[in-house]
Each structure stands twice: as C-alpha cells, then as structure tokens.
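**Q** Okay, handing you the structure first.
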Amino acid sequence: MPAERLSMRQIRDVLRLCFAAKLPQRAIARSLGLSQGAISRYLSRARAAGITWPLPEDLDDTQLEALLFPPPSGAPADQRPMPDWAWVHRELQRPDVTLALLWEEYRAGITDGFSYSWFCDLYRGWAGRLKPTMRQVHVAGEKLFVDFAGRTAEVINAGTGEIIPVQIFVATLGASSFTYAEATWS
C-alpha cells in the first residue's frame with residue numbers, strides 16, 4: 001500500500017528547508033521526522049515541476065498540489081510518444097550508460113511518456129526480437145568460464161599512498177553460475 005501524501009504545510013517546509021535554508025536531505029528528514037527517500041521524492045517532484053523558492057505569493061495549496069502531483073496522462077499507451085529503441089540500444093553499449101539514465105532523458109523531453117518500469121519492459125521486448133538466442137545446458141563441473149573484466153580498478157598502498165592499477169579476474173562455473181572474482185596485479 002503506498003504511503004500517505006504529506007500535508008501541503010509539510011511539503012512547504014521541505015521546500016523551504018531545502019531551497020531557503022540549504023539543508024541537506026538527511027537533515028531535513030531528521031528535522032521533520034520523515035524518511036530521506038520521502039524528502040528526495042518530494043524534491044524531485046518540485047524540480048520536475050520547475051518550482052523555485054520563494055514560492056509565489058498567489059500560489060495556494062491547491063495550485064501547489066496540482067503542480068507537484070499532476071493527473072496521470074489519459075492518453076492510451078499506443079498514442080504516447082515511443083522512444084527510438086535503436087538509439088537506446090546503441091547508447092546502452094557505451095560505458096556507464098544505464099536504462100535509468102536513458103529513461104530520465106526520455107522523460108525530460110516528454111511529460112506524458114512511459115513510467116520507468118514500462119520503459120524497461122518495452123525496451124526488453126524490443127531487444128528480445130533483435131536476434132534469437134541459443135540456450136546452452138552445461139553439465140555440473142564440466143565447464144569453467146574465465147576472463148578479465150573490461151576496466152581496471154585501483155588499489156591504494158596504505159603505507160606509501162601509491163595508486164596501483166589492478167586487473168579483475170573473473171571465473172564462473174557453467175552449470176551453477178557460481179562466480180569467483182579476484183584483483184590481480186597483472
């Protein structure tokens with residue numbers, strides 16, 4: 001069951017403490033007796049609605065609530081703007097790009113777009129049609145897959161402070177997917 005929405009007085013306090021008092025989210029959560037996640041959700045709604053501080057004098061609670069909690073789009077799913085899945089697929093091949101990041105970019109330009117979970121489902125459905133997959137059955141103990149991870153990591157020598165690059169070695173058993181990983185010097 002979803003949590004109850006805060007009163008508009010509390011939401012105004014969250015906005016005031018964040019934008020006027022410049023308190024971190026953790027301090028706001030402590031002072032109002034709320035979770036840090038709730039504070040984060042209300043602040044992200046405020047940023048998405050373009051709300052700045054101080055609030056306009058003529059902005060009453062009903063108008064503020066309409067800005068923070070717009071009604072869901074009444075457009076059917078087939079009439080909503082569909083992302084360019086080929087572009088999304090190409091972007092995901094770049095390092096440090098995630099579906100969450102691409103969804104945020106998608107929603108920044110389209111207000112009545114798909115939710116994150118629906119976006120992910122639609123992408124996976126599209127990507128599943130790209131090429132067929134071949135299921136492989138591995139007999140227990142028969143195969144071991146080994147490789148080095150693509151990026152190097154860094155280890156700091158506690159005595160000298162020297163930063164030493166290390167390779168990440170990964171081994172996985174075929175049948176159980178039991179994984180072993182170890183940092184090695186080379």
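The values are calculated or read from the model by the stated rules, or taken from the named source; none is laboratory data. All figures in this text were calculated on a predicted structure; none of them were measured in a lab. Using ideal geometry, Cβ is built from the backbone for each residue, glycine included, and neighbour counts are taken over all protein chains shown. Accessible surface areas use protein heavy atoms only, side chains included; no ligands, DNA or RNA. Shrake-Rupley method; radii C 1.70, N 1.55, O 1.52, S 1.80 Å.
**Q** Between residues in segment 153-169 that are farther than 16 Å from residue 186 by Cβ and residues that are at pLDDT 90 or above, which pairs lie under 6 Å by C-beta distance while being six or more apart or on different chains?
**A** These pairs meet every condition: 156/163.
**Q** What number of residues within segment 170-185 satisfy the criterion of being touching a His at 6+ places or on another chain (Cβ under 8 Å) and either under 12 Å from residue 153 (Cβ atoms) or open to solvent by 80 Å² or more (accessible area, probe 1.4 Å) (or both)?
**A** 0
**Q** If you don't mind, another one. Of all residues in segment 113-169 being at negative phi, loosely packed, with under 10 Cβ neighbours inside 10 Å and among the small types (Gly, Ala, Ser), which is modelled with the lowest pLDDT?
**A** Step by step, filter segment 113-169, then rank; the result is 150.
**Q** For segment 47-65, how many residues are surrounded by 13 or more Cβ atoms within 10 Å (Cβ to Cβ) and under 18 Å from the mean Cα position of the chain (by Cα)?
**A** Residues flagged as surrounded by 13 or more Cβ atoms within 10 Å (Cβ to Cβ) and under 18 Å from the mean Cα position of the chain (by Cα) within segment 47-65 amount to 1.
**Q** While we're looking at this one, here's another question. Tell me which residues, restricted to segment 5-27, are open to solvent by 60 Å² or more (accessible area, probe 1.4 Å) and under 23 Å from the mean Cα position of the chain (by Cα).
**A** 5, 24, 26
**Q** Which of the helices (runs of 4 or more DSSP H) contained wholly in segment 1-102 include at least 1 residues that are at pLDDT 90 or above and of a type in the set (Asp, Glu)?
**A** On the way: elements: 8-15, 25-32, 36-49, 61-68, 85-92.
Here the list reads 8-15, 85-92.
**Q** For segment 105-134, which positions are part of a loop (DSSP other than H, G, I, E, B) and in contact with a helix residue (DSSP H, G or I) (Cβ under 6 Å, 6 or more places away or on another chain)?
**A** 113
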